[in-house]
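Visitor: The structure that follows is given in the form of structure tokens.
The values are calculated or read from the model by the stated rules, or taken from the named source; none is laboratory data. Everything numeric here is computed off the predicted structure, so don't read it as measured data. Neighbour counts are summed over all protein chains in view; Cβ atoms, including those assigned to glycine, are modelled from backbone coordinates with ideal geometry. We work out accessible area using only protein heavy atoms, side chains counted, and drop any ligands, DNA or RNA first. Shrake-Rupley method; radii C 1.70, N 1.55, O 1.52, S 1.80 Å.
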Amino acid sequence: MKVLITGATGLVGTELVSALLNNGAQIHYLTTSEKDIKNEPKYKGFLWNSHSGYIDHNCLEGVEAIIH
């Protein structure tokens, strides 16, 4: 299962990501910080600029669930 998460790099989000990865999920996550974008096989970050309204729409590719 591929899941898109907002807040994945925060306190609760990091625990959620860890649990999902341990259960075989793939994670896409949105971040407002370019320095926090990672591109690993099961953990990929995508830029979200809420001020300008920009979101990398590639974040939705193959996603079955969204956690916000």
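Visitor: Convert each backbone phi in the range 23-40 into a coupling constant with the Karplus relation 6.51 cos²θ - 1.76 cosθ + 1.60 (shift: θ = phi - 60°), then list the ³J(HN,Hα) values in order as whole Hz, x for Gly and Pro.
Guide: 9, x, 6, 9, 10, 10, 9, 9, 9, 8, 10, 4, 5, 8, 7, 10, 10, 10
Visitor: Over the chain, what is the relative contact order in percent, taking alpha-carbon pairs closer than 8 angstrom and at least six residues apart?
Guide: Across the chain, relative contact order equals 37 percent.
Visitor: Moving on. Taking the Cα atoms only, what angle lies between the long axis of helix 11-22 and the longest principal axis of the chain, rounded to 10 degrees?
Guide: With rounding to tens, the tilt is 50 degrees.
Visitor: Which percent, nearest 5, of DSSP beta bridges in the chain are antiparallel?
Guide: About 25 percent, rounded to the nearest 5.
Visitor: About the Cα centre of the chain, what is the dipole size in debye to 20, counting +1 per Lys and Arg Cβ and -1 per Asp and Glu Cβ, all else neutral?
Guide: 80 debye
Visitor: Per the 1.4 Å probe, what fraction of the accessible area of the chain, in percent, lies on carbon and sulfur atoms?
Guide: Solvent-exposed carbon and sulfur of the chain make up 52 percent of the total.
Visitor: Have a look at the chain and give its Rg and Dmax from the Cα atoms, expressed in angstrom.
Guide: In order Rg, Dmax, the Cα atoms of the chain give 11.1, 35 Å.
Visitor: Where only protein heavy atoms count, and the probe is 1.4 Å, what is the accessible area per residue for the chain in Å²?
Guide: 67 Å²
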